[in-house]
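In what follows, a structure is listed as structure tokens, so that the remarks can point back to it.
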Amino acid sequence: MLLAAAGRYHGVVTYKELAAQVQHRTGIRTKQLMHYWIGDVLGRVSADCSRRGEPLLSSLCVNAGGSVGDGYAVAVHATSGVTPGDPDDHAAHERLACYRHFGAADLPSDGGVPALTPKLAATRGRARQAKAIDRPIAMCPTCHMQLPATGVCDHCD
């Protein structure tokens, strides 16, 4: 399933889809919640990819919000010894390496670009907008006009 996703530029698989497929293909069923065991499966996938010198296929597995989640950083640390500062950004670069390595059929001629999933990019965009809106506006203490970026009032100087 992860290899199929690697064959499509910007292709990803959700944890839920992967968990269902793992249970279906192995014939092993569990009522245990997925988050208790899927990290171990992806950790093994990451270790195998690292052993082969391949990009981490686990970067293609995202939660419903489009994020790789905390377990991805653990897998990266286990395979490389380095913990990424932003796991989703690291995964975007690793996904691009997967698309290139595994020959995504629809890869652009320029080689493509690393990208967050559309859902996560939208969430982060809204968070940035909200942060900008919450930022206090600097006001001139004399005339009470908004200060320009210079911090010096154009009316009172």
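The slack between residue 110 and residue 17, meaning 0.36 nm per residue of separation minus the straight C-alpha distance, is 30.4 nm.
When the Cα positions of 103, 18, 46 are compared along the charge dipole of the chain, 18 comes out farthest toward the positive end, with charges on each C-beta of Lys, Arg, Asp and Glu.
3J(HN,Hα) couplings calculated from phi for the stretch 103-115 with the Karplus curve 6.51 cos²θ - 1.76 cosθ + 1.60 (θ = phi - 60°) are, in sequence order, x, 4, 5, 9, 5, x, 5, 7, x, x, 9, x, 8 Hz; Gly and Pro show x.
When the Cα gyration tensor is reduced to axis lengths a ≥ b ≥ c, the ratio a/c is 1.5 or higher for the chain, and with a/b above b/c it is classed as prolate. Taking a ≥ b ≥ c as the square roots of the eigenvalues of the Cα gyration tensor of the stretch 12-93, is the shape rounded (a/c under 1.5), prolate (a/b larger than b/c) or oblate? In terms of gyration-tensor shape, prolate. Measuring nothing but how far apart in sequence close Cα pairs (under 8 Å, 6+ apart) lie, relative to its length, the chain scores a relative contact order of 23 percent.
In terms of packing, defined here as the mean over residues of other Cβ atoms within 10 angstrom, the peptides 52-64, 93-105 line up highest first as 52-64, 93-105. Considering helices alone, the calculated mean residue ellipticity of the chain at 222 nm is -15000 deg cm²/dmol, with DSSP H runs of length four and up weighted by -39500 (n - 2.57) and normalised per residue. Database remark: amide H of residue 61 closer than 5 angstrom to the amide H of 13 (H placed geometrically; neighbours at sequence offset of 5 or more, or on other chains; Pro and chain starts carry no H).
The string of couplings for the stretch 4-13 from the Karplus curve (6.51, -1.76, 1.60, θ = phi - 60°) is 5, 5, 5, x, 10, 4, 6, x, 9, 10 Hz, one whole number per residue in order, with x for Gly and Pro.
For the stretch 2-123, the Cβ-based charge dipole about the Cα centre amounts to some 500 debye (Lys, Arg positive; Asp, Glu negative; other atoms uncharged).
We did not get these values from a lab; they are worked out from the coordinates using the rules stated. Since we're looking at a predicted model, the values are computed, not measured. So basically every Cβ, Gly included, is an ideal-geometry build from the backbone, and we count neighbours across all protein chains shown.
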